[in-house]
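The values are calculated or read from the model by the stated rules, or taken from the named source; none is laboratory data. Note that the structure is a prediction, hence the values are computed from the model and not measured. Neighbour counts are summed over all protein chains in view; Cβ atoms, including those assigned to glycine, are modelled from backbone coordinates with ideal geometry. Side chains are part of the model used for accessible areas, which takes the heavy atoms of the whole protein and leaves out ligands, DNA and RNA. Shrake-Rupley method; radii C 1.70, N 1.55, O 1.52, S 1.80 Å.
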Amino acid sequence: MLFTWTRGSGVLEEHRRRGSRESGLSRLCIVNPPNSDVSGCLTIKGSRIMTDLRWTVPVAAAALSGWTSGAAGQVWTREVVAFNGGQAAGLPAGVNYSALQNNTAPYLDPSGAIAFTSLLTGAVTSTDNRALFFGLPGSITSILRESGVPGQLGEPGSFMGFNGGTLVFSGSYVGAPATSNGALFTVNGGIVTERVREGNVPSVIETGQPTDLTWIEVTTLPTVAGNGQIAFNALLGGTGLDGSNNSAIYAGPPALPRRVVQNGDALPDAGPGTSGVTMSFLNTPPLINEQGKVIFSGELAGTGIASPNLTAYILATPTSLAAPNPAYTYTFITRRGLQAPGLDAGITFAQDFNTVLTRTMDRFANLAFVQTVAGPGVSTTNNEAVFLGSANAPASITRVFRKGDLIPGAQLDERWSSFQTVALDGSGSAATDSSLWVRALLAGTAVTLANNSIIARVTQAGTTTFVLREGDAAPAPLPAGTLFGDFTRFVVNRNGTIVFTAALTGPSVSSSNDSALFIKRLNQDPVLLLREGDTFALSVGTRTASSFLLRGNNAGQSGGESSLNDDDKLAIGVNFVEDPATTDAIVYFAPDAPPACPADFDGVNGVDVQDIFSFLNAWFAGDVAADFDGMNGVEVQDIFTFLNAWFAGC
C-alpha cells in the first residue's frame, strides 16, 4: 500500500510492502515540510528500526524541554468546590451555601488552597448566617462563623487578602463599642490570630509618635505579597493627631506590621526645584512585593509643588524592623506635571497618580502603569501611554507604548488605540526577565470591531508579540469557524501562563453561549476550560453557566491576589443562568500530571515502534493528542518533535 499525504510543499509517504521478501516493512518519509529544511526516512520491520532516521537538519534538542503535549500536558480537570444550596463544608447538616463570596471570585494561594466567604441558609439565624471557608479542594472546611455572642466575631471576611499561605481578613466583634469592634486577622495553618484591632496600640511605636498611639480603623483591603507580607491603609488616634495627620500606610509581616508613611511625613527628595516636601492623602491601596517594598501614591506639599501637579508615586524600601527606628526609606518615582519619559520635551503626566488604577509591580520592583499625558501635539488620539521601568531606579522608567503609535511589524497602519489592563509576570531570576502583558484595543485602516482586541506580551528587550487577537480561530472542541471576540479579562502567572475570558463569534454562536474561559501556556495553544451554556449536574439540579469571575492580574506578587497560581491551578466564581445576580459556584481547575514518558504515546509496553504508528494515526486524524509540542495545532513540526522524543527514549 502506498499512502501519500500533502500539506503545502511537504510530502509524507508511508509504504507498506507485502507479499515479498520485504513483507512487513514500513517506510516513513518526510520530505521538505513547510517552513523547515528537515527531511528524512525511517524504515521499520516489525518492532525493529532497520534504517536510522537521518535528517538533513538535526531536530533541536530544545524541543524536548518540558512536556507540552496537546493531550495529557494540556488537560485540566474541573471540580465544583461549593455551590449555592449545597451543604456548607464543616457545618451542621442542613446549613447551606448562599451568595458565595459576595459576587466576587474566590482567593487562591501558591499551594492551591482556596478561601471564600458565604452567606448561609437553612438552620441559621440572622446572627450566624455568614462563614469563612478555607482549604485545599477536597478538604475545605469552615474555619470561622459569624456569632451573636458578645466578644465573638460578627461578620468575618469583609476585607480579604490571600497569598503565601496567609489569609488576611477583617471582622467585627459582637457587642464591642464602635471604637474597638473592628479588627484585622490572619489565618495560617487553620489558626486564626488577631493582628490589628481598633483601639489597640500598634506593635511598634516609633520615635516621635504619640505614646498613646492607637489604631482607629483599617480603611482599605489588605494587599498580600507572594510570601505573605501585607500592606494596608489605616487611621490612627493619639495626642496631636487629627484629620490632617492621622492617615497612614502599614506593611510587613502580619505579626509585626510597621509604619510605612503617615500624613505629614517628609519626602527628602521630590525632584529638582523642590524642598521641604511632605506627603499626605495616603488613601489609595498600596502595592507590595515579596521583598517588602511598597509603592504608594500620595499628595505632596512644599516649595516647588503647585496645583494641580501634586500627586506622586513613591517607593518605600524596608531598612530596619528594630524599634523604635523608622522602618522605611523613600525613593521619589515621578509626579503629575513632570516630563513623561520617552516622549517629546514638554509632554507631561496629566492624571492624578491617586486615580491611576491600571498599575502593577512585580517581585523585582519593576513598575508598569498607564497614564494620560498633555503637552505640545497631544490630542485625544495620542494622550495615553504605558510606562515601564524599575522603581529602584526611576530614571529607567520610560514609555513603552503610546496611543496612536504604529505597531512595529503589524499590518498596514495598525496603531494602539487604548490600554485596558497591564500586568507583569515576574518571570525568571532577574528584573530584566520579567515581561509586560497588555490588554488593549487597536485602530487602523485594516482594523475593525471584529479584530481590534488583543492581548500582547512585551519583553524588556523590546520584542512585542500579539499572544491573542480578536478574529483568531478559537481552539477545539469549539466548532470550526468559532472565532475569538473581545478579550474581557486576563490574569498571568510567573510561567507566562494566562487565563482569560473572551467573547465568541461564529455560525454556531448565540447570545446564550457567546463567552468562554480559556487557559494558555506560554508558546502553546489556548485550551477551553468553560463556556457559557455549559451545564453542571448538582444536587440542587442542573445549572447553566452564564459568566465567570476572575481575580487579580499577576499572581498576587504586587499585592493583588490572583485566580491563577504558578502551578497553573485556577479557582474562579461562576454565575448561573438560574440566578445571575450572585456567585453561584466556586470551580477549581488543576492540570493533569504529564505522563512520565511522552514518547510512550499509547501508554502500553513502554517506548516501542507501535507508539510511532499510534502517533501517526492520531496525527492523520487531526487528534489534539498529536499536537505534541502544544503549539499551532496539529502540524508537521509535531512529527519531528515526537520522533525526537521517541529516539531519546525515557
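Applying the set (1) polar (S, T, N, Q); (2) in contact (Cβ under 8 Å) with a residue 12 or more places away in the chain; (3) assigned to a strand (DSSP E or B) to Ser512 leaves exactly one unmet item: (3).
Each row is one residue, and each column tells you yes or no for (1) surrounded by 21 or more Cβ atoms within 10 Å (Cβ to Cβ); (2) at pLDDT below 90; (3) among the hydroxyl-bearing types (Ser, Thr, Tyr).
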residue: Ala72; (1), (2), (3): no, yes, no
residue: Gly86; (1), (2), (3): no, no, no
residue: Asn103; (1), (2), (3): no, yes, no
residue: Ser111; (1), (2), (3): no, yes, yes
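For Ala456, the requirement of being among the small types (Gly, Ala, Ser), assigned to a strand (DSSP E or B), closer than 21 Å to Thr535 by Cα and open to solvent by less than 30 Å² (accessible area, probe 1.4 Å) is not met.
Within region 461-485, the set of residues being surrounded by 19 or more Cβ atoms within 10 Å (Cβ to Cβ) and within 18 Å of Ile407 (Cα to Cα) comprises Val467, Leu468, Glu470. Would you pick out the residues in region 312-330 that are touching a residue at least 24 places away in the same chain (Cβ under 8 Å) and open to solvent by less than 40 Å² (accessible area, probe 1.4 Å)? Those that are touching a residue at least 24 places away in the same chain (Cβ under 8 Å) and open to solvent by less than 40 Å² (accessible area, probe 1.4 Å): Ala312, Tyr313, Ile314, Leu315, Ala316, Thr317, Ala327, Tyr328. The lone criterion from (1) modelled with pLDDT under 85; (2) surrounded by fewer than 19 Cβ atoms within 10 Å (Cβ to Cβ); (3) touching an Asp or Glu at 6+ places or on another chain (Cβ under 8 Å) left unmet by Leu235 is number (1).
From the residues in region 409-432 that are in contact with a strand residue (DSSP E or B) (Cβ under 7 Å, 6 or more places away or on another chain) and in contact (Cβ under 8 Å) with a residue 40 or more places away in the chain, which one is most open to solvent (accessible area, probe 1.4 Å)? The extreme case among them is Gln420. Here Pro210 passes the criteria (1) in contact with a strand residue (DSSP E or B) (Cβ under 9 Å, 6 or more places away or on another chain); (2) at pLDDT below 75; (3) not in a strand (DSSP E or B) except the one numbered (2). For region 546-562, the set of residues classified as modelled with pLDDT of 90 or more and either open to solvent by less than 10 Å² (accessible area, probe 1.4 Å) or not in a loop (DSSP other than H, G, I, E, B) (or both) consists of Ser546, Ser547, Phe548, Leu549, listed by residue number. Among the candidates Ala648, Ala626, the residue that is open to solvent by less than 30 Å² (accessible area, probe 1.4 Å), of a type in the set (A, V, I, L, M) and in contact with a helix residue (DSSP H, G or I) (Cβ under 7 Å, 6 or more places away or on another chain) is uniquely Ala626. In region 376-394, the residue that is most open to solvent (accessible area, probe 1.4 Å) out of those that are more than 19 Å from Thr360 (Cβ to Cβ) and free of Cβ contacts under 8 Å to residues at least 12 places away in the same chain is Thr380.
For region 433-452, enumerate the residues that are closer than 29 Å to Phe364 by Cα and either within 19 Å of the chain's Cα centre (by Cα) or buried (at least 20 other Cβ atoms within 10 Å of the Cβ) (or both). Scanning region 433-452 gives Asp433, Ser434, Ser435, Leu436, Trp437, Val438, Arg439, Ala440.
Scanning region 369-391 for residues that are part of a strand (DSSP E or B) and over 27 Å from the mean Cα position of the chain (by Cα) yields Val373, Ala374.
Do the conditions hold for Gly633, that is, is it of a type outside the set (Val, Ile, Thr) and either modelled with pLDDT of 80 or more or surrounded by 22 or more Cβ atoms within 10 Å (Cβ to Cβ) (or both)?
Judged against the criteria, Gly633 is not a match.
Across region 565-607, the qualifying residues are those that are modelled with pLDDT under 90 and among the hydroxyl-bearing types (Ser, Thr, Tyr), and the one among them that is least open to solvent (accessible area, probe 1.4 Å) is Thr583.
Residue pairs whose Cβ atoms lie under 7 Å apart, separated by 6 or more positions or on different chains, with the first residue in region 220-248 and more than 30 Å from Asp109 (Cα to Cα) and the second of a type in the set (Gly, Ala, Ser) and surrounded by 17 or more Cβ atoms within 10 Å (Cβ to Cβ), are Leu236/Ala248; Asn246/Gly237. The conditions of being in contact with a helix residue (DSSP H, G or I) (Cβ under 7 Å, 6 or more places away or on another chain) and within 21 Å of Val491 (Cα to Cα) are not met by Gly426.
Residues in region 510-522 that are of a type in the set (A, V, I, L, M) and farther than 15 Å from Ala585 by Cβ were compared, and the one that is surrounded by the fewest Cβ atoms within 10 Å (Cβ to Cβ) is Leu522. Scanning region 179-202 for residues that are closer than 19 Å to Asn227 by Cβ and open to solvent by 60 Å² or more (accessible area, probe 1.4 Å) yields Asn188, Gly189, Ile191, Arg195.
Looking across region 102-135, the residues that are farther than 17 Å from Leu91 by Cα, in contact with a strand residue (DSSP E or B) (Cβ under 8 Å, 6 or more places away or on another chain) and outside any strand (DSSP E or B) come down to Asn102, Asn103, Thr104, Ala105, Pro106, Asp109, Pro110, Gly112, Ala113. Of all residues in region 250-276, those that are on the phi > 0 side of the Ramachandran plot have Cβ atoms under 8 Å from Cβ atoms of residues that are open to solvent by 10 Å² or more (accessible area, probe 1.4 Å) and among the hydrophobic types (A, V, I, L, M, F, W, C), 6 or more apart or on another chain, in Gly252/Leu321; Gly271/Phe332; Gly271/Leu338; Gly276/Ala266. The conditions of being more than 23 Å from Leu424 (Cα to Cα) and modelled with pLDDT of 85 or more are met by Thr542. The single residue among Asn245, Asn263 that is surrounded by fewer than 19 Cβ atoms within 10 Å (Cβ to Cβ) and polar (S, T, N, Q) turns out to be Asn245. Being in a loop (DSSP other than H, G, I, E, B), under 30 Å from Ser563 (Cα atoms) and not acidic (Asp, Glu) is a condition met by no residue of region 604-626. Reported count of residues in region 318-354, each being over 20 Å from Tyr250 (Cα atoms) and of a type in the set (Val, Ile, Thr), is 3.
Considering only residues in region 203-232 that are more than 25 Å from Phe134 (Cβ to Cβ) and touching a Ser or Thr at 6+ places or on another chain (Cβ under 6 Å), the one that is most open to solvent (accessible area, probe 1.4 Å) turns out to be Asp212.
Here the condition is being assigned to a loop (DSSP other than H, G, I, E, B) and either at pLDDT 90 or above or over 19 Å from Glu198 (Cα atoms) (or both); of Gly243, Gly264, it holds for Gly264 alone.
Can you give me the number of residues within region 523-545 that are outside any strand (DSSP E or B), open to solvent by less than 60 Å² (accessible area, probe 1.4 Å) and in contact (Cβ under 8 Å) with a residue 40 or more places away in the chain?
4
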